[in-house]
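Every read-out reported here was derived from the displayed coordinates using simple, explicitly stated rules and does not represent laboratory data. Keep in mind it's a predicted model, so treat the numbers as computed, not measured. FYI the Cβ positions are ideal-geometry reconstructions off the backbone, even for glycines, and counts take in every protein chain you see.
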Amino acid sequence: MLCASGCGPTYPKEKFKDSIIRICKKEYALDVKVATVGKTIAIYVPLEDLIDFTFAITKSASEKINDVILSVSRVALSTDARYEYYCIIAHDVRIPEIQIVIIKSVDDVKRFLLNDISRGEYSKRMLVDIRFSPQAQKERAIKEVFDKMSLDRRWQEEVMNDFFRSEPVALGDIGYWGGKFYVKNISQPEFLAEQIANRVRMAFREDKLLADVFQVRSAKGAYIARGKRKFFKFEAAVEQKTLKESERAKFADKLFEVVLREAATVLRGYQFVDFEYISILDQGEGRSLEVSRDDLEAYRRKKINLNDILKALVAVPRQYQ
């Protein structure tokens, strides 16, 4: 933090990356790599015990990842460098294709430390994704094609570098592979879109009633800017489990209810208003809904109810689902 006497930040921006590396090494014996893209910080940490035989994060790995998060937070909150997001990328060195990516907002960390948001809310604002490395999968598929073509190894690398090793387009493509960071400059709208989709998945998983009735096949969120039109788009496939026909209607609109609730909560919590409407596509039922920013806020404030909003439901042709 800046001193009252003007002595400068604890971690000046010129030594920002080195400070994170040094703290992780000195205090936690962790060798990390750090990169920055725009206002985003990326930290790569290789671990020997990231996952167990059930593909769950081990207790030891969780503690080490938390140590890295603590180190980054210390530096990010006490520097004159202006960063807005950071992502931790962890690999299991035994199975490097498996990665865990954690994305956080620096401002959320500040608000949590100031008790401006609760621990539960803070946890919901963090994006955690465990999956096969998108870049690893891409390169494996391309190399199989190269081998079938008997392409010279030197040319393989040149083609790979020119066409297949580029900055990721979406948050889900972020990672580290082959000694290279694949990180983008994270924007607030895309972070919020992914957070809302993540909260929807969590709601259907953690709410016992919903978990007993539904299985979430997929839930995606995106922020789209087309000229002057800006909106959020959410697509989800939620499958009802074995229900009696008389009970199906009772839960038919549950997806819309959950997305509206989570979207209203997140967008209000971040005071984000740079959008005209949100679009929700229920892929399972083949229905879509558009809700204006004003109607979403009115719904949050309980000035209108779900039935009022659902009057705008339309059927979606199967080729567009």
Output for the chain (equivalent-ellipsoid semi-axes, sqrt of 5λ from the C-alpha gyration tensor, Å, descending) is 36, 27, 20
Residue span Glu239 to Ser166: 0.36 nm per residue of separation minus Cα-Cα distance leaves a gain in nm of 22.7 nm
Dimensionless Rg/Rh of the stretch 188-320, both radii on Cα and Rh by Kirkwood, sits at 0.95
Simple SL model, points at 7 angstrom along Cα→Cβ for Glu158 and Ile130; separation in nm is 4.2
Projected onto the charge dipole of the chain (unit charges on the beta-carbon of Lys, Arg, Asp and Glu, signs +1, +1, -1, -1), the Cα from Val34, Tyr86, Phe164 with the largest positive-side position is that of Tyr86
Rounded to two decimals, the Rg over Rh value of the stretch 139-259 from Cα coordinates and the Kirkwood Rh reads 1.15
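Which of the peptides 173-179, 31-37 is most tightly packed, and how do the rest follow, judged by the mean count of other Cβ atoms within 10 Å per residue?
Details: 173-179: 19.1, 31-37: 17.0.
Result, highest mean Cβ count within 10 Å first: 173-179, 31-37.
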Counting only DSSP loop positions in the stretch 12-118, the chymotrypsin sites (Phe, Trp or Tyr not before Pro) whose Cβ has at most 14 other Cβ atoms within 10 Å are Phe53, Phe55
Note on the stretch 188-320: contact order normalised by length, alpha-carbon pairs under 8 Å, 6 or more apart, percent, works out to 21
Here the relative contact order (percent) of the chain, from C-alpha pairs under 8 Å and at least 6 apart, is 10
Counting only DSSP beta bridges fully inside the chain, the antiparallel percentage to nearest 5 is 75
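Could you give me D for the stretch 254-297, from Stokes-Einstein at 4 °C and 1.567 mPa s, where the hydrodynamic radius is the Kirkwood radius over C-alpha pairs? Units µm² s⁻¹, please. Spell out each step's value before the answer.
On the way: Rh = 10.9 Å.
Approximately 119 µm²/s, per Stokes-Einstein.
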Rounded to the nearest 10 degrees, the helix 254-269 long axis (Cα) sits at an angle to the longest Cα principal axis of the chain of 50
So the angle from the long Cα axis of helix 188-206 to the longest Cα principal axis of the chain, reported in degrees to the nearest 10, equals 60
Which residues qualify? For Ile51, with a placed amide H closer than 5 Å and at least 5 residues away or on another chain, they are Thr58
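When ranked by the protection proxy of mean other Cβ atoms within 10 Å per residue, highest first, what sequence do the peptides 290-300, 151-161 form?
Averaged packing, sorted descending, gives the order 290-300, 151-161.
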So, for the Cα atoms of the stretch 1-157, Rg and Dmax in Å stand at 18.6, 66
Expected sort for Ser71, Ser62, Ser288 with the fewest Cβ neighbours (10 Å cutoff) up front is Ser62, Ser288, Ser71
Residues whose modelled amide H sits under 5 Å from the amide H of Ile98, counting only those 5 or more places away in sequence or on another chain, are Asp92, Ser133
Residue-ordered couplings for the stretch 108-124, obtained by feeding phi - 60° into the Karplus form 6.51 cos²θ - 1.76 cosθ + 1.60 and rounding to whole Hz (Gly and Pro as x), are 5, 4, 4, 5, 5, 5, 8, 6, 7, 10, 6, 4, x, 5, 4, 5, 5
